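Participant: Below are the structure tokens for one structure; questions will follow.
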Amino acid sequence: MKVLIVGSGGREHAIAVSVAKSKQVEKIYCAPGNAGIAAVATCVDIGAMEFEKLADFAEEKEIGLTIIGMDDPLVGGVVDVFEKRGLRVFGPRKNAAIIEGSKAFSKDLMKKYSIPTATYENFDSPEKALEYLEKAKMPIVLKADGLALGKGVLICNTLEEAKEGVKTLMLDKQFGDAGNQIVIEEFMTGREVSVLCYCDGTHIKPMTSAQDHKRAKDNDEGLNTGGMGTFSPSPFYTEEVQKFCEEKVYQPTMDAMKAEGRDFVGILFVGLMLTEDGPKVLEYNARFGDPEAQVVLPRMKNDIVDVMNACIDGKLDEIDLQFEENAAVCVVLASDGYPLHYEKGKVITGFENFEEKDGYYVFHAGTKFDEDGNIVTNGGRVLGITAKGQDLKEARKNAYAATEWISFENKYMRNDIGKAIDEA
Ligand code: AMP
Ligand code: GLY
């Protein structure tokens, strides 16, 4: 079978490496891909938002399965375009991807179906939002309704900050139309856990857990980023927590989407906060996390193509999802200055150190080939260095050792990925 993957980041590289392990797969294409993905797939110069061109390509090359990695095309309806043309595709349709595309939608869904989450109100008028804030308890959280590269969430400690936040999101429109509507919600405290689940519209199977580090600097300081590193599994996601989430969060979310006529097929990413009052949903995403995929997929034992096909066919209940009894840590190597200003085009060396090293991976996020054939930096997040270990501590030691194998000018990383492990 031929497979097409849509996207160009570390997540899509991790998906490609997983797909490449499948015995059913003879050829992988990736649109648009990057310099690392090019080692396992043929990269095709079609953008992730060029739906008809992607479908033309899938038709022409007789692609047996297209996997959509990114949120924008999913929310924009790429799956509907493929399905209309009779092409096999993994991901939620537009009417289901809205669970990520609109935070107001997802909050209303949780309220209607009693899924635990922070209390909130939705606002489409800045005046009403400001009026509400006057009586609200601080700290408080403001969220742009639409997609904002994971950066449209403002945690405000004072009324002044919150008022400024309403201005930033709704009046200055820092995130464009994503801020036409905002959610204002209660501030929660606790451990965060990401659980990515396979879904077939009816059944839902959670994968092993992970934790991301969203802030740019050590000790969770600095600006929010797409994610600076992950570990899996989370020691805080106990069997008891998992059981609660299966009963009160995962299956109820599947059932709620079905009841709304929005059957969810694909990956449901559930961002959880483990509060004193039990686990609560922070957010839903309609795709694998980045860099969660980089620690979860290397630990999955199943053939990913089998699992995705079972999702498309509504037969996920027949799959016995299995993960290795070990741990993985991913440290992101970024360009210094990310997420604001940073330079690109720096030559990266040291990839050969990863050759034939079992349990070590270098996933490319922002890289490309320059005119001389060198691999150069081409984004804020450049590489994700993943290593496995028997336990989290060993995995972390291995991952940090492997970060030394790679060199480029401007290389920046957090030095405390997985620090929470020590507190478990
Ligand atoms: P989200 O994109 O909704 O996951 O939000 C990004 C980050 O903001 C989360 O990973 C949390 O660290 C933080 N956050 C979001 N909502 C809340 C909340 N209600 N209380 C505390 N922190 C939050
Ligand atoms: N790592 C967080 C996300 O993919 O949304």
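The values are calculated or read from the model by the stated rules, or taken from the named source; none is laboratory data. As the structure is a computational prediction, the values presented were derived from the model and not from experiment. Here Cβ is always computed from backbone atoms with ideal geometry, including for glycine, and neighbour counts include all displayed protein chains. Accessible surface areas use protein heavy atoms only, side chains included; no ligands, DNA or RNA. Shrake-Rupley method; radii C 1.70, N 1.55, O 1.52, S 1.80 Å.
Participant: Sort Met70, Met254 by heavy-atom solvent-accessible area, probe 1.4 angstrom, most to least. If you can, show how the numbers build up before the last one.
Facilitator: Numbers: Met70 45, Met254 5 Å².
Output order, biggest surface exposure first: Met70, Met254.
Participant: Within the chain, what's the longest stretch lacking trypsin sites (Lys or Arg not before Pro) that sit in DSSP loops with no more than 10 other Cβ atoms inside 10 Å? Write down the numbers at each step before the final one.
Facilitator: Values: sites that count: Lys23, Lys135, Lys137, Lys301.
Looking at the chain, 138-300 is the longest stretch - no exposed trypsin sites (Lys or Arg not before Pro) with at most 10 other Cβ atoms within 10 Å.
Participant: At a 1.4 Å probe, what is the % contribution of carbon and sulfur to the accessible area of region 4-146? Present the calculation step by step, with values, prior to reporting the outcome.
Facilitator: Details: 2920 of 5970 Å².
Carbon and sulfur: 49 percent of the exposed surface of region 4-146.
Participant: Dividing the Cα radius of gyration by the Kirkwood radius, what Rg/Rh value follows for region 262-329? Walk me through the numbers on the way to the answer.
Facilitator: On the way: Rg = 13.9 Å, Rh = 13.9 Å.
My calculation puts Rg/Rh at 1.00.
Participant: If you take the square roots of the eigenvalues of the alpha-carbon gyration tensor of region 62-185 and sort them as a ≥ b ≥ c, do you get rounded (a/c under 1.5), prolate (a/b over b/c) or oblate?
Facilitator: In terms of gyration-tensor shape, prolate.
Participant: Turning to a different aspect of this structure: Mind pulling the per residue volume of the convex hull built on the Cα atoms of region 180-236? Å³ is fine. Could the numbers behind the result be given before it?
Facilitator: Values: hull volume 9.5 nm³, N = 57.
Taking only Cα atoms, region 180-236 has a hull volume of 167 Å³ per residue.
Participant: Another one. Please list 3J(HN,Hα) in residue order for region 185-193, calculated via the Karplus relation 6.51 cos²θ - 1.76 cosθ + 1.60 where θ = phi - 60°; whole Hz, with x for glycine and proline.
Facilitator: Residue by residue, region 185-193 yields 9, 4, 7, 10, 10, x, 7, 9, 9 Hz.
Participant: Would you please state the base-10 log of I(q)/I(0) at q = 0.23 1/Å for region 238-280, with intensities from the Debye formula using one equal scatterer on every alpha carbon?
Facilitator: Taking Cα atoms of region 238-280 as identical point scatterers yields -0.83.
Participant: Could you give log10 I(q)/I(0) at q = 0.17, 0.18 Å⁻¹ for region 347-413, computed by the Debye formula over C-alpha point scatterers of equal weight, without solvent?
Facilitator: Normalising to I(0) and taking log10 leaves -0.61, -0.67.
Participant: What residues qualify as long-range amide H neighbours of Gln181, i.e. H under 5 Å apart, gap of 5 or more or another chain, H built at 1.01 Å from N?
Facilitator: Counting only residues 5 or more places away or on other chains, the set is Asp145, Gly146.
Participant: How many angstrom lie between the C-alpha centres of region 319-349 and region 352-424?
Facilitator: About 6 Å separates the Cα centre of region 319-349 from the one of region 352-424.
Participant: Here is a further query. From the phi of every residue in region 224-238, what ³J(HN,Hα) in whole Hz does the Karplus formula 6.51 cos²θ - 1.76 cosθ + 1.60 yield, where θ is phi - 60° and glycine or proline is x?
Facilitator: Taking θ as phi minus 60°, the curve returns 5, 10, x, x, 9, x, 9, 9, 8, x, 8, x, 8, 8, 6 Hz for region 224-238.
Participant: Would you mind working out the accessible area per residue for the chain, using a 1.4 Å probe, and quoting it in Å²? Mind showing how you got there, number by number?
Facilitator: Values: 18040 Å² over 424 residues.
Solvent-accessible surface per residue comes out at 43 Å².
Participant: Now for a different question. Can you give me the relative contact order of the chain as a percent, contacts being Cα pairs under 8 Å and 6 or more apart? Walk me through the intermediate numbers first.
Facilitator: Details: 992 pairs, mean separation 69.3, N = 424.
RCO, the chain: 16 percent.
Participant: Enumerate the amide H contacts of Cys30 below 5 Å, restricted to partners 5 or more residues apart or on another chain; note that Pro and chain-start residues carry no placed amide H.
Facilitator: Here the answer is Ile5, Thr42, Cys43, Val44, since their amide H atoms fall under 5 Å of that of Cys30.
Participant: Local charge sum around Cys43 (other residues, Cβ-Cβ under 11 Å, Lys/Arg +1, Asp/Glu -1)?
Facilitator: Working: positive: Lys368; negative: Glu12, Asp45.
Computed value for this residue: -1.
Participant: Same structure, new question: How large is the Kirkwood hydrodynamic radius of region 104-148, in angstrom, based on all distinct alpha carbon pairs?
Facilitator: Details: mean 1/r = 0.0842 Å⁻¹.
By the Kirkwood definition, the hydrodynamic radius is 11.9 Å.
Participant: For region 193-220 and region 233-264, what is the separation of their C-alpha centers, rounded to whole Å?
Facilitator: 12 Å
Participant: Report, to the nearest whole %, how much of the accessible area of region 266-424 belongs to carbon and sulfur atoms, 1.4 Å probe, protein only. Mind showing how you got there, number by number?
Facilitator: On the way: 2720 of 6710 Å².
That share works out to 40 percent.
Participant: Please list, in chain and number order, the residues 5+ apart from Ala118 or on another chain whose amide H is under 5 Å from its amide H, with Hs placed from the backbone.
Facilitator: Residues meeting the criterion, in which the H sits 1.01 Å from N, are Val281.
Participant: I need the phi-derived Karplus couplings for region 242-251: 6.51 cos²θ - 1.76 cosθ + 1.60, θ = phi - 60°, integer Hz, Gly and Pro marked x.
Facilitator: My calculation for region 242-251 gives 4, 5, 4, 5, 4, 7, 9, 10, 5, 5 Hz in order.
Participant: A follow-up question, please. Given an 8 Å cut-off on Cα distances and at least 6 residues of separation, report the relative contact order of region 157-214 as a percent. List each step's numbers first, then the result.
Facilitator: Numbers: 39 pairs, mean separation 11.4, N = 58.
Computed over region 157-214, the figure is 20 percent.
Participant: Next question. Please compute the volume of the convex hull spanned by the alpha-carbon atoms of the chain and report it per residue in Å³.
Facilitator: Once divided by residue count, the hull of the chain is 139 Å³.
Participant: Please work out whether region 146-207 counts as rounded, prolate or oblate from its C-alpha gyration tensor, where a ≥ b ≥ c are the square roots of the eigenvalues and a/c under 1.5 means rounded, while otherwise a/b larger than b/c means prolate and anything else oblate? The partial results should precede the final answer.
Facilitator: Values: a/c = 3.35, a/b = 1.78, b/c = 1.89.
Because a/c hits 1.5 or more and a/b fails to exceed b/c, region 146-207 counts as oblate.
Participant: Compute the Kirkwood hydrodynamic radius of region 272-405, taking the inverse of the mean of 1/r over all pairs of distinct Cα atoms, and give it in Å to one decimal. Numbers along the way, then the final one.
Facilitator: Values: mean 1/r = 0.0580 Å⁻¹.
Every distinct Cα pair counted, the radius reaches 17.2 Å.
Participant: Right, something else. Any idea of Ile155's accessible area? Nearest 10 Å², probe 1.4 Å.
Facilitator: Spelled out: Ile155, probe radius 1.4 Å, area about 80 Å².
Participant: Relative contact order, percent, of region 187-271 when contacts are C-alpha pairs under 8 Å separated by at least 6 residues? It would help to have the intermediate numbers written out before the result.
Facilitator: On the way: 127 pairs, mean separation 32.6, N = 85.
For region 187-271, the relative contact order is 38 percent.
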